[in-house]
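Okay, structure first, notes after.
A short reminder: the numbers here are calculations on the coordinates, not readings from a lab. Everything numeric here is computed off the predicted structure, so don't read it as measured data. Cβ placement follows ideal geometry from the backbone for every residue including glycine, while neighbour counts extend to all protein chains displayed.
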Amino acid sequence: MKRFDVIVVGAGHAGIEAACAAANMGCQVGLVTMDKNAVGRMSCNPAVGGTAKGHLVREIDALGGMMGIIADRTGIQFRMLNKSKGPAVWSPRCQSDRKLYSEEAYEVVSSTSNLEIIEASVTDILTENNKVLGVITSDGAQIMCLALVLSAGTFLNGLMHTGMKSTSGGRYGEQPAVGVTQALINLGFESGRLKTGTPPRIKKDTINWDVLEEQPGDENPQPFSHQTNLNEFPYLPQMSCYITYTDETVHKVLEKGFNESPMFTGRIKGVGPRYCPSIEDKIVRFADKNRHQLFCEPEGLDSNQIYLNGFSTSLPAEIQLEALHKIKGLEEVEMVRPG
């Protein structure tokens, strides 16, 4: 039976920071993840920072965290946002190579002293007199600890919606984590649900780039981490993002799918973050706007997938594709998978 000072469940951004922080303080740490190859895997768009978030990455770095270091090593575009405003609201952001970010995150975690990566799925929490003793994994193994950090994110009873079709999953192609939520409820916690959304991924070589507005990175990019060597930064070749827009024709196509929208029909019960509304939410909440900005963001140096930032949606796949074909530059685009 394994014993640790601290067990961290989930190896995304939060889990990496919790595990490395505890290990660097001298604790013996077990980082439990369902897939060792998914450490630091970016669930949404492959980017770090941005408005109101870049500050947080800098603060994590000041506290000895890892996110800024990993972002600097795997960024393929760096931009300081809000430069037209005062310095207090400038926000650093980088577009990351999705594959390389996860690989670098695994390298950072696996090379940290006092830290062991455990490939398993936690299904229950062991307690006695309201004190955590450890966890139970899906294969029945018990792992004991003095403290437990849960950072399982979207995997806890995760449910994904595209139109009226719903599938269980922590993210696309991966199983949800089942059992922990019920264990917390049994301990007296209340369970709620947050909503997040992703846009369709589209094929890079089916986009008409010539008609889109190029958005290059900064000419003299600044790293997130104070530990990054400026003489070597940036470490990777830099790429541009590109801008396009929806219009009223696109909005009318999207509105055709509202009667099959899991959000508008009540199938999605959770509350979404205000800074990241879905495209259907934008059309309804900002009905006075006749267009919305979209960013074509590369997923990596060697990837043929483009992340269409600003077009998060859970509408039916056929509606998504029809709407995409009405967007400037995307008239012939092929959809890798729907939002």
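Semi-axes of the equivalent ellipsoid for region 2-186, computed as √(5λ) from the eigenvalues of its C-alpha gyration tensor and ordered from largest down, come to 30, 21, 15 Å. Please work out the FRET efficiency for the pair E248 and Q222, using the Cβ-Cβ distance as r and a Förster radius of 41 Å; give the result to the nearest 0.05. Using R0 = 41 Å, I get an efficiency of 0.60. Take every Cα pair under 8 Å whose residues are at least 6 apart in sequence, average their separation, divide by the length of region 1-86, and the relative contact order is 25 percent. Paramagnetic label reach from L133 (point 7 Å along Cα→Cβ; backbone nitrogen cut-off under 11 Å): within region 26-67, no residues. For region 2-186, averaging the sequence separation of C-alpha pairs within contact (under 8 Å, six or more residues apart) and dividing by the residue count gives a relative contact order of 25 percent.
Residue-wise HN-Hα couplings along region 196-210, as the Karplus relation 6.51 cos²θ - 1.76 cosθ + 1.60 with θ = phi - 60° gives them from phi, are 9, x, 10, x, x, 8, 10, 6, 4, 7, 10, 9, 8, 5, 5 Hz; Gly and Pro carry x. Relative contact order, whole percent, for the chain stands at 20, derived from Cα pairs under 8 Å and 6 or more residues apart.
When DSSP beta bridges are restricted to pairs lying wholly in region 2-186, around 60% turn out antiparallel.
Close amide H partners of T123, meaning residues 5 or more places away or on another chain with modelled amide H under 5 Å apart, are I136, T137, S138. Express the Stokes-Einstein translational diffusion coefficient of region 1-93 in µm² s⁻¹, to the nearest whole number, given a Kirkwood radius over alpha-carbon pairs, 10 °C and a viscosity of 1.306 mPa s. After rounding, the answer is 108 µm²/s.
Among DSSP bridges having both ends in the chain, what percentage is antiparallel? Round to the nearest 5. Counting DSSP beta bridges with both partners in the chain, the antiparallel share is about 70 percent. For A177, the residues whose modelled amide H falls within less than 5 Å of its own, excluding neighbours fewer than 5 places apart on the same chain, are L156, N157, G158. GNM remark for the chain: springs join alpha carbons under 10 Å apart, and the peak mean-square fluctuation among N186, N82, N231 falls on N231.
If each DSSP helix of 4+ residues adds -39,500 (n - 2.57) and the sum is divided by the residues in the chain, what number results at 222 nm, nearest 500 deg cm²/dmol?
Calculated from helices alone, the mean residue ellipticity at 222 nm is -6000 deg cm²/dmol.
Scalar couplings 3J(HN,Hα) for region 126-132, obtained by applying the Karplus form with A = 6.51, B = -1.76, C = 1.60 to θ = phi - 60°, are 8, 9, 8, 6, 6, 10, 5 Hz; x denotes Gly and Pro. Computed 3J(HN,Hα) for region 30-43, one whole-Hz value per residue from the Karplus formula 6.51 cos²θ - 1.76 cosθ + 1.60 where θ = phi - 60°, is x, 9, 9, 9, 6, 8, 4, 7, 9, 4, x, 5, 7, 6, glycine and proline marked x.
Packing here is the average count of other Cβ atoms within 10 Å per residue, and on that basis the peptides 89-99, 321-331, highest first, run 89-99, 321-331. Rounded to the nearest angstrom and listed largest first, the equivalent-ellipsoid semi-axes of region 184-339 from its Cα gyration tensor are 30, 25, 14. For L301, the amide hydrogen comes within under 5 Å of no other amide hydrogen, counting only partners 5 or more places away or on other chains and with H modelled in the peptide plane.
For an R0 of 35 angstrom, estimate the FRET efficiency from the Cβ-Cβ distance between M144 and E59 and round to the nearest 0.05.
0.60
For the Cα trace of region 273-339, dividing Rg by the Kirkwood Rh returns an Rg/Rh value of 0.96.
Under a no-solvent Debye model with one identical scatterer per Cα of the chain, what's log10 I(q)/I(0) at q = 0.10, 0.12 Å⁻¹? Reported log10 I(q)/I(0), two decimals: -0.66, -0.94.
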